[in-house]
Amino acid sequence: MMQKPASTDAYIKSFGEDIQQLLNTMRETIKQAAPQAQETISYGMPAYKQHSVLVYFAAQSKHIGFYPGAKAIEVFAADLDSFDTSKGTIRFPFDKPLPLDLVERITKFRIKEDQELFEAKQAKEKAKKNSD
């Protein structure tokens, strides 16, 4: 992609049909797991946000990249043995079925983590306000 897509639809439509099917499947799985999340484009790829970005996904040359953050990679390490990972990134190769149950579980984990971080930030701000 040369320029930032205007929407997730535009992003997905910029790929061939076979890749579009994989991207649409990722999109629907994430939306079902995080129905309250706002769909947006961030860093040129689809992202799902509540208080902060929960997850991103993107088509690469040989895989779908799924970006749930470093903590999710640590927590789900045992489930990710058969996938190439790095800090915050999981690579789902085009030649294997997408692990949709895993995508759903990781997305739900990120919702919980995002809510906990938001509540901690709110409590910290409230404590600071009360001490002023």
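Some observations on this one:
- Of all residues in the stretch 25-58, those that are touching a helix residue (DSSP H, G or I) at 6+ places or on another chain (Cβ under 6 Å) and surrounded by fewer than 18 Cβ atoms within 10 Å (Cβ to Cβ) total 4.
- In the set (1) in contact with a strand residue (DSSP E or B) (Cβ under 8 Å, 6 or more places away or on another chain); (2) of a type in the set (Ser, Thr, Tyr); (3) surrounded by fewer than 19 Cβ atoms within 10 Å (Cβ to Cβ), the condition left unmet by Thr107 is number (3).
- Close contacts from the stretch 14-31, counting a first residue that is within 11 Å of Val103 (Cβ to Cβ) and a second that is among the aromatic types (Phe, Trp, Tyr) and at pLDDT 95 or above, with Cβ to Cβ under 6 Å and a gap of 6+ residues or different chains, come to Met26/Phe57; Ile30/Tyr48.
- Only one of the numbered conditions (1) modelled with pLDDT of 95 or more; (2) closer than 29 Å to Glu116 by Cβ; (3) in contact with a strand residue (DSSP E or B) (Cβ under 9 Å, 6 or more places away or on another chain); (4) open to solvent by 60 Å² or more (accessible area, probe 1.4 Å) is violated by Phe83, and that is (4).
- Look at (1) open to solvent by 30 Å² or more (accessible area, probe 1.4 Å); (2) charged (D, E, K, R); (3) closer than 21 Å to Gly44 by Cα and you find that Glu74 fails only one, number (3).
- Residue within the stretch 2-23 that is basic (Lys, Arg), in contact with a Gly (Cβ under 9 Å, 6 or more places away or on another chain) and exposed (fewer than 15 other Cβ atoms within 10 Å of the Cβ) present: yes
The values are calculated or read from the model by the stated rules, or taken from the named source; none is laboratory data. Predicted, not measured: the structure shown is a model, and the values here were computed from it. Positions of Cβ are backbone-derived with ideal geometry, glycine not excepted, and every protein chain shown enters the neighbour counts. Ligands, DNA and RNA are stripped out before the accessible areas are found, and what is left, the full protein with its side chains, is counted by its heavy atoms. Shrake-Rupley method; radii C 1.70, N 1.55, O 1.52, S 1.80 Å.
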